[in-house]
Amino acid sequence: TVDYETKAVTVPPVWRAHAVQLLATLTTTLVIEGIVLVLFGFGRQKRNWLVFLLVNLVTQGGLALWTAHTFLLHGLSGWSALSILPAELVIFPVEMIAYALLLTGQPRSRAAAYGFLANLFSAVLGIVAIGPVWRFIQSIL
């Protein structure tokens, strides 16, 4: 932030930017994957919502640590943004297995399919939105 009257420049702490980024990506992921959860018929049970929330908190937390580490080392660029792809290749099977084992009310194969499609939708939208989301975060800090 630049204060032209006092000619002072204030730089917000890096941790705050990463916290806001985590909040923005987590919220987007929860909305997208929550809609898919309902469409797959898993939204009727409170337990499934808790599983959904916990699995996403763990995987999004891991993804946030991964991206923070990568962006701190290499800066924000097209190449560093591509570092999300290997992380997503880990998240996809982890969530598919977790949902197949933990979601109830539907066959395990349907739960695994949910994990795959929900992650596909949120990953594609997340990759498309990473630039605008990052610029928005920078504008509010």
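The values are calculated or read from the model by the stated rules, or taken from the named source; none is laboratory data. The structure displayed is predicted, hence computed values, not measured ones. Positions of Cβ are generated from backbone atoms using ideal geometry, with glycine treated the same way; all protein chains shown enter the neighbour counts. The accessibility values were calculated without ligands, DNA or RNA, using every heavy atom of the protein model including side chains. Shrake-Rupley method; radii C 1.70, N 1.55, O 1.52, S 1.80 Å.
Structure above, values below:
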quantity	calculated
Accessible area expressed per residue, the chain, with surrounding protein chains retained (probe 1.4 Å, Å²)	61 Å²
Efficiency of FRET between residue 2 and residue 73 - r from beta-carbon atoms, R0 30 angstrom, step 0.05	0.65
Label-point separation, residue 102 to residue 120 (7 Å along Cα→Cβ), nm	2.3 nm
Within the chain, helix-based [θ] at 222 nm, where runs of 4 or more DSSP H residues each add -39,500 (n - 2.57), nearest 500	-27500 deg cm²/dmol
Average Cα contact separation per residue, the chain, under 8 Å, 6 or more apart, as relative contact order %	32 percent
Kyte-Doolittle at least -0.5, axis length at least 27 Å by Cα - qualifying DSSP helices, the chain	14-39, 46-74, 108-140
Cα-based convex hull, the range 24-63, per residue volume (Å³, whole number)	53 Å³
Against the rule of thumb 2.2 N^0.38 Å, how large the Cα Rg of the chain comes out	1.21
